[in-house]
Each structure stands twice: as structure tokens, then as C-alpha cells.
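Okay, structure first, notes after.
The values are calculated or read from the model by the stated rules, or taken from the named source; none is laboratory data. Predicted, not measured: the structure shown is a model, and the values here were computed from it. Using ideal geometry, Cβ is built from the backbone for each residue, glycine included, and neighbour counts are taken over all protein chains shown. Please note that ligands, DNA and RNA were not included when accessible areas were found on the heavy atoms of the full protein model with its side chains. Shrake-Rupley method; radii C 1.70, N 1.55, O 1.52, S 1.80 Å.
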Amino acid sequence: MAGGGPLPGYLLHPFPLCRPPSSAPGEGAAYTVFPPHLPGRVDGAYNGASSTIFRDGRIPAAILSMHQEPNPMNRAPYALVLVAAAACSQGQARPASRPATPAPPPSAATRPAANPFPSTYRPFASTPTLIRGGTVLTAAGQAIPNGQVLIVDGKIAAVGATVTAPAGVTVVDATGRYVTPGVIDDHSHLGVYASPGVQAHSDGNEATSPNTAEVWAEHSVWPQDPGFVRALEGGVTTMQILPGSANLFGGRSVVLKNVPSRTVQGMKFPGAPYGLKMACGENPKRVYGQRGGPSTRMGEMAADRQSWIRATAYRERWERWDRDHTGNPPERDLELETLVGVLRGEILVHNHCYRADEMAQMIDMSHEFGYRIRSFHHGVEAYKVRDLLARDSISGSLWADWWGFKMEALDFTRANLALVHEAGVRAIVHSDDPTGIQKLNQEAAKAMEAGREIGIDVPDSVAIRWLTANPAWALGIDRWVGTLEPGKNADVVIWSGNPFSVYTRADQVYIDGALMFDRMNPNRRPRTDFEVGLFPAEAAR
Amino acid sequence: MNRHSLLAAALLLAASPAAAQTIAITGGTVYPVSGPAIRGGTVLIQNGRITAVGAGIAIPAGAQRIDATGKWVTPGLFESSTTMGLVEVDAVRETNDYEIRDVAPGSGDQVAAAFSVADGLNPRSMVIPVSRIAGVTTAVSRPSGGLIAGQAVAIDLAGSRMEDMLIGGPVAMFASIAENSRDAGGGARGGQSMRLREVLEDARAWARSRQAFERGETRDFSVSRLDLEALQPVLAGRLPLAVEAHRASDIQTVLRIGREYGLKLVIVGGTEAWMVASDLAQARVPVLVKVLNNLPGSFESLGATYENAARLRRAGVQVAITSGETFKAYNIRQEAGNAVAYGLPWDEALRAITLAPAQIFGVSDRYGSLEAGKVADVVVWDGDPLELLTRVSHVIIRGREVPLVSRETQLRDRYRQLDDGRAYRP
């Protein structure tokens, strides 16, 4: 499978037309902790009892969290038919590859619905805008001093040293500042572990069975999580919301646009494929060790493989029925529908894994069953097997420097991202954290510095890809976002200075050409419902 | 600054038995924190102490020279709330020595005043070098958990015996009036303060009747004899009571109890401290601030903002910036840098991770600034120490240069080449 496996199905399928979306406004929230009292962290695991988030270390067994993914769909307002159609195709739970059949029209109960929770996102109002004078990091390889970015109809119309702008365009002076694509975090639990982090908001880990491939993160997302707005203020325009890592199969993720919305449907990134959160190592065996298993790493692998065997059989049952139409169609199974989506290349695997040897096992398992791993998440030891990741075109969604919270996070090096990058792997700075997501540019800077210590000099123009183009690829949305190139969605951040400086802040954030955040303008600083009226006597925050 | 270049030979108390060495750091821009920056300054170190700071200082023959031309020279960074030396892997409980069962959630009396982390300190902890080589030279290593967690110590992050690292005795009693210590109060805020007052009253009563206590002629006390004794320096206002509190009203409760008993207080965390800044300033109570904390993560932190440190300083409150981390304590400079991004002047930010914590924990006679007579904890940087792309050039702790090696860099180097596709090189 060395880099030559089948393309993901969502790239191959013909694009069925889909319904135009409607739109809605909304927002989200997140959790916060004061660390001194408890150093531990668990990825996605949240201890609601004390004001402490365990990132991946000590997890109160009862409160584990994991990741999930979103299901973006329609992008009606866009003029490009291709884009719109492509978007639709991806939202389908089980598209194409099955020939159109005259069979009895199955009801939703008997046949997987193409897209039962469609995106209703529509871009906010925008005006043609010319951003000029700033240093433009396109994330497509260029750093353009005193560059210009033209936004028309929510798209990047032109980028360069000088561009031709239409009359009447709104001109934004970015002199002395930097212009980059919107930041993309491919590992967030915003909305599923919302702020405030009370037990009632613990919606990220369906820790009732080691395989909950049937759950969809979007069904947990609370759009009023204040963390969404904080992330926007940090330049984040798109994020993947994952279920937690308590389970081997945590469920589907959802890719969201960071816009105010009453509903999660209003945030779903049109056309983004679903992801499947998988986890290996300490978390699942800790959670299920005393609850029927798996209680060992070998038990985890066995449970994984048995699930893939069942999924393979399920796919065959459907394919046979689609071919023959004899008897009743197979009974729908939400868990297996998701796994079959992976086998068909329609759903992207996001695999939580720390240790090098475990990543190698997961890779072999993907070969055994014929699916691709899109990204290893956390990958504290990714540097040890960076050649294996490169060989299979698996991206590395990594922290700059998290470590020590548990045994499998012991062998960290701050040079992880740089080493992985140097080996030709798509390196990604991910957050897994509602605070970290706000400063992914700073996480990248720390990783750049660590690289320089060993002679891996990653320039700004390339490092910016770690938080833009590369996560866009990991999420299967790089056709639309991740770089400043003509035709791409105008998700743009204007930074107060070099984004890799600790003193720099996001000044303006555009999503699909619409100014969603402006540090200088209180009317362009969204606030979630949760934050309304919190301090009657303290109006000014 | 020439006139600041005092020679302090009289103060040459050996900080460490093996530190008989003279080092001259020359040519850099020196940021003493206690005074203005000195371009082309020299920091002279002899026998573990700083003996001179300034421009045009005579360098003794035989001194080891560190050329800091184009570089920045600062005091070692001081992390004021960590468990460094008390844990190797957080989820491996056998390696955790910062919390005793008395204060674990749901068990014990939630008071561990007599518990000092000192004997549990592991000078050989693999965690320490990771932050040390990033410029963190000094830390307050603290207990955790319960209403009263125990006694913290200040340590230099080098040495092979606990005694070589310790900076005097305990520097604070750590406690919590926050959501994470609600067990101590029967689940209600009023119960927490009731319990804290009960413990302080018991300690006061016990001190007045020690003999009677030993004869078994007193009423029962709600905590152990050891705890009662350990609280005496707190009641005397000598040992700071460092209380984690976040909600504005909880901070005010702590201030109220502090006034009632004449306590010397430090607020730890203080997420909403900026909302009661004038109360804190009036009471002269300092705050340890985690800067990157702006989410309403709980109902006690609805007012979280990145501007906490800046607003507190503007109100005249003493502020130290803490990473609040153990494994990632090196991120203290990122925290300070972000404080600058959110309104704190740069000089104040550097002070908040050097001299301010030294003052708050009562060791500023020896730590926190580059001045003759102080312990020689010095860092040379290739740029602004608060910037993320800046690299450490030299770290000196108690007058000795520390090799810039940790387990993390060794693993990095071990895997720098994957020559033959095998797992690792021997």
C-alpha cells in the first residue's frame, strides 16, 4: 500500500446534486482549567468534579471523553457547481460505488439515508475586499512581502504582489501585519466538552462500549460553547470536532465552520467528509479493563479486527443485495455503516495513538482490511516511525510539547513536528484543548524553534501549513480551504504581526469572505448566548 | 550602571559545596530586573554567587568567559506553582508524591498542613532537566489537594541531594477555597470557610494549651497534632498561606478570613482576581496568575480573561506569572509573553517570572534578580526570552553551568537519523 492505495471514495464518486441549504447563526463554548492544582491532562477526558481537565493522563473512569467528527454538507450559496456538487457527495453516508438500482425504494429505516443531518450553513454577508500592504503567507509555499489578497464573492479572487481589484472594493490596510489562511484545528472537542466543563456538558465520550462507531459527534455539539468564539479570536475558522478516546471506535467526527449558529447544522462544513475517531493504547484498556474488556493492548487489537471483519461482511451483504435484490435488504446497522464508510474510503480515519509500535500495528491492520489512516493524532512517538507514516501518506496531528501525563506520553521530543515534517509527512499542530486551539500559531512557533536546534529550519512560509493546508488535507477539505489561492474559500486571518511571535494576535478573521471577528470593533466580536448577562454589575469585560 | 557593580565578597557564602568557580558573562545586554538594562554588561559569578553586575567590570584572571555578545542575560526563571521533583509520570500513581490521601477527594479530613513535600523530592527526576534547559532554574514545588494541601518548598533545579536544591525551609502552606476543595466544606462554600476557621481556631487553641493537650486534658481537635503545630507559623503571619481561589467572591472570602486571623496570604490562580483588584491591592495580597486562562471553564471562572495579569498590575497588585505546569513548566515564558500581548508591560512580565515570585515567597534576598550577593541563577538567551523562537544559550544554576541535555534531547538525537530502518541505534 506504499502510497499507492485507492483514492478515497469521496474523491472518485460522481457528484449527485443536492439540496440547497438554508442557514442559521450560532456559536459554541469550551472548558478551562487552572492547572496548578492538578498537572494531569487527558485527551478529551474531562473531570467535571474539580475544575480540572485531564488531557490524557489520569482519567476518572466515569468521565472519559473521546472524539467525533462532523458531517458537513450543502454549500448552496456558492456559485461553483462543482464545489456544491462535490460537497453534497461527501455528506452522503453511503454514496456511489453502488450502481443506481431500480429496486424498491427503501425507506430511511431500511436503507442508509444519503445525508440525514445536512448542513444548513450559508456564508455571512461579505463585500469585495482587498487586503494590501501585509506580508502574505499563502500556505501554498509563498511569502509575499507587501502582498495583496483580493476577496470577491466569498472566494479568493487573486493573490500576489499586486492584483487588479474592481472599483469600489473595500480596502484593508495590512501594512506591518501578516495575512494567512484561516487556522484549521483537526482535533478539537469544542461543543462536546463545552464550557463550563460541568458534568452536564460531558458529551464527548460515549463510554458505554469499546466500539461506538454508531455515534456522531455532531449530535453532542452545543453551538453555544463559548470556546468557539475564543478559538475564532485565535484565528480558527474550521475545526474537526471529535469524540473522545475512551473507545476503540469513538464515533464519527464533524467538521465545523467557526460561525455563530443556533444549530450545529448551521456550522457544518459543506462537503467535508466524515471522520472516524479510533483510539489505541492506554485509554480504552483503562476504561474497559474492569468492565468486560479489552484490558490489554492485544485485546484492543483483537476487538478492532473483529469489528473490521463484521464490517467487511456487512458491506458484502449490501453489495450482494444491491446486485440481486433477492429477499429483504440487510438490516441497517449504524455502527457498521460507519465502518463500511471507512472501508469504502468515504470516511477518514483519525487515529489517536501515542506509541511508535502501536502506530505500526494500526498501519498493518489498515492493510489487512484495506482502509487508509488519514492521520495519527497525538503521536508523541511519531518521530520514531516517521518513515512509516511517510510511506503510507499518513499525516501526523501532533502537539508541540505535551508529555509526561501518562506512560505512553513519556518519550516526547519537542522536535517531533520538525522531524516528522522533514521526513515528508504532513505535519499538523493540533490542539485537543480549548485553550491550545486559540494559540496554534504559537504551538507551531515552539516546534519551529525545536527544529532549528537540530538544523531543521522550517521557514514561516512552510510552517504556516502546519495549521492550515495540512489539517485541511487531513480533513479532506483542502480543495476549499487551507491556502490563499484563487478559487479557495476566503477564510483569511490578518495578524497584528508575524504569527510566530508570542506578541502577535489575530486582528481580523474572515470566513468565506465575511468579516467574522475584528479585534478593533466590538460589533465584530461574537458572544455566545451563555455569555450574555453573566455579570450584571460588571458590564465591561 | 558602573556604580551598581559592587563587589560583594562578604556575601560569598558558598551556595553549593562544589561551586568554586569563576564565570564572567560578557558583552550581552543584561536585564537585572532590579534595575534598567545594561548594554554590553558583565555578570561576574564567583563561588556560586553573583559578585558584580554592570559595564566595565574587571574580570579576574582565570575566569571562565561566556561571550554573550548579541545575547540577552536574565535571572533564571522562577516557576511559582509546580510539582517538579514530585512526579515522574502523572498517571503512574506510584511516582506521585505531591498529594497525600488525607486530602484525596472523598477521603480524609482534607487537611494535611503537616505534610511537607521536601522528603519526597527526587533531585534525579527526569522531569527537571526538561524545563531547566529551557531557562527555568528555580521552582516552588508544592503539594496539591484538599482544603490544606501542605507545605511547599522552593528549590533550585540542580543538585543531587535535596539539601543542595532547597532554598531554606518551607516557603508557603498551600490551600484551596475553590470548587476542587468542596469536599472539605460538606459541599458548600460556607462550609469550606467554616472548616478553615475551625482548623485555624483549633490551631490557635492548641498552641495555648500544649501542656494540657499532652496530658490529655483538652477537648478534641478536628485535625491532628502535627497539623496543629504546622499551622503555627501561618497563624503567626510568618508563613504565607497560598490559597487557590478563582471566583471573585471566593477571593474576597479568603481576604476576609486572612484579616480575621492576621494571615499572610497569596492567591493562587485567581481567575477572577481582576474583578476584586482593589481589594487585593488594599490588602497587599499578591496573585499567582496563569495567563493562558480565558475560558469560563467552570462557574467559578466565568470572568476568565487573558488580561488578568495586566489589570491586576494596573491596580497595584503584586503578580507572579505561573505556567502551573510540571512537565511543561518551560512554557512559563510563553505565559509571560502572552501577558505582554494582553497588556502587561514587558519589564513587568519579566519581573513576574523572576523577582516577583522570589519576593512573594520570601527569597528575594537571594533570588530573582541579577545583583551582587545573589545566588548565581543566570540564563543567556539568543534573543528576547519571552519570544517562542528564542533559544537558550547557557543556563547557570548556583554558579555552575548546566549541560543543555535532557531525556527529551537524548531521544531526539537517538532518532535523528533512521539509517537502516531499524528501531533505534545502540
Please report the buried accessible area for the interface of A with B, total over both chains, probe 1.4 Å, in Å² to the nearest 100. 6200
Could you tell me the calculated FRET efficiency between A:Arg323 and A:Arg391, based on Cβ-Cβ distance and R0 = 41 angstrom, to the nearest 0.05? 0.70
Would you mind giving the mean number of other chain beta-carbons within 10 Å of the Cβ of each residue in A:413-421, as a whole number? 4
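If you wrap the stretch A:243-282's Cα atoms in a convex hull and average its projection over all directions, what's the area in nm²?
Values: hull surface 13.4 nm².
Across all orientations, the stretch A:243-282 yields a mean hull projection of 3.4 nm².
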Rounded to whole Å, give me the distance from the Cα center of the stretch A:314-366 to that of the stretch B:251-301. 53
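Kindly identify chain B as rounded, prolate or oblate by the Cα gyration tensor criterion: order the square roots of the eigenvalues as a ≥ b ≥ c, call it rounded if a/c is under 1.5, otherwise compare a/b with b/c, prolate if a/b is larger, else oblate.
Details: a/c = 1.65, a/b = 1.58, b/c = 1.04.
It comes out prolate by the Cα gyration axes.
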Can you show me the helix-derived [θ] at 222 nm for the protein assembly as shown, built from DSSP H runs with n ≥ 4 at -39,500 (n - 2.57) apiece and divided by the number of residues, rounded to the nearest 500. -6500 deg cm²/dmol
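Across peptide B:89-98, what mean number of C-beta atoms from other chains lies inside 10 Å of a residue's C-beta? Intermediate values should be presented prior to the final figure.
Details: counts 9, 16, 16, 5, 1, 0, 1, 3, 0, 2.
Mean number of neighbouring Cβ atoms from other chains: 5.
Give me the compactness ratio for the stretch B:26-91, meaning the Cα radius of gyration over 2.2 N^0.38 Å.
Values: Rg = 15.9 Å, N = 66, 2.2 N^0.38 = 10.8 Å.
The stretch B:26-91 yields a ratio of 1.47.
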If I take R0 = 30 Å and measure r between the Cβ atoms of B:Glu201 and B:Ser278 in this structure, what FRET efficiency does the formula 1/(1 + (r/R0)^6) give, to the nearest 0.05? 0.55
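Among A:Lys439/B:Lys374; A:Lys277/A:Lys439; A:Lys488/B:Lys290; A:Lys277/A:Lys488; A:Lys285/B:Lys328; A:Lys384/B:Lys71, which pairs are too far apart, with a Cα-Cα distance over 30 Å? Working shown, then result.
Numbers: A:Lys439/B:Lys374 36 Å; A:Lys277/A:Lys439 24 Å; A:Lys488/B:Lys290 38 Å; A:Lys277/A:Lys488 27 Å; A:Lys285/B:Lys328 26 Å; A:Lys384/B:Lys71 34 Å.
From A:Lys439/B:Lys374; A:Lys277/A:Lys439; A:Lys488/B:Lys290; A:Lys277/A:Lys488; A:Lys285/B:Lys328; A:Lys384/B:Lys71, over 30 Å: A:Lys439/B:Lys374; A:Lys488/B:Lys290; A:Lys384/B:Lys71.
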Taking +1 at the Cβ of each Lys and Arg and -1 at the Cβ of each Asp and Glu, which of B:Ala248, B:Gly56, A:Pro223 sits farthest along the dipole of the protein assembly as shown towards its positive end, judged by Cα position relative to the Cα centre? B:Gly56
Compute the Kirkwood hydrodynamic radius of the stretch A:348-394, taking the inverse of the mean of 1/r over all pairs of distinct Cα atoms, and give it in Å to one decimal. 10.3
Express the carbon and sulfur contribution to the solvent-accessible surface of the protein assembly as shown as a percent, rounded to the nearest whole number, probe 1.4 angstrom. 51
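Mind checking B:330-337 for the average number of partner chain beta-carbons within 10 Å of each residue's beta-carbon?
Values: counts 3, 4, 0, 1, 8, 1, 1, 5.
If you average over the peptide's residues, the count of other-chain Cβ atoms is 3.
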Near-label residues of the stretch A:480-519 by backbone N, under 12 Å of a point 7 Å along Cα→Cβ of A:Gln142: A:484-487
Can you pull the one-decimal nm distance between simple spin-label points at A:Ala200 and A:Arg305, each 7 Å off the Cα toward Cβ? 4.6
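What value does the stretch A:279-360 have for Rg/Rh, both radii from Cα atoms and Rh as Kirkwood defines it?
Values: Rg = 15.7 Å, Rh = 14.5 Å.
For the stretch A:279-360, the value is 1.08.
Skip the ligands, DNA and RNA, and give the accessible area per residue of the stretch A:382-507 with a 1.4 Å probe, whole Å².
Values: 2470 Å² over 126 residues.
Here the per-residue accessible area is 20 Å².
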What is the gain in length, in nm to one decimal, between B:Ser209 and B:Ala37 on full extension, counting 0.36 nm per residue of separation less the C-alpha to C-alpha distance? 56.5 nm
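Indicate the gyration tensor shape class of the stretch A:218-355 (rounded, prolate or oblate), computed on the Cα atoms with a ≥ b ≥ c the square roots of the eigenvalues: a/c under 1.5 is rounded; otherwise a/b larger than b/c is prolate and the rest oblate. Present the calculation step by step, with values, prior to reporting the outcome.
Values: a/c = 2.58, a/b = 1.29, b/c = 2.00.
Note, shape of the stretch A:218-355 comes out oblate.
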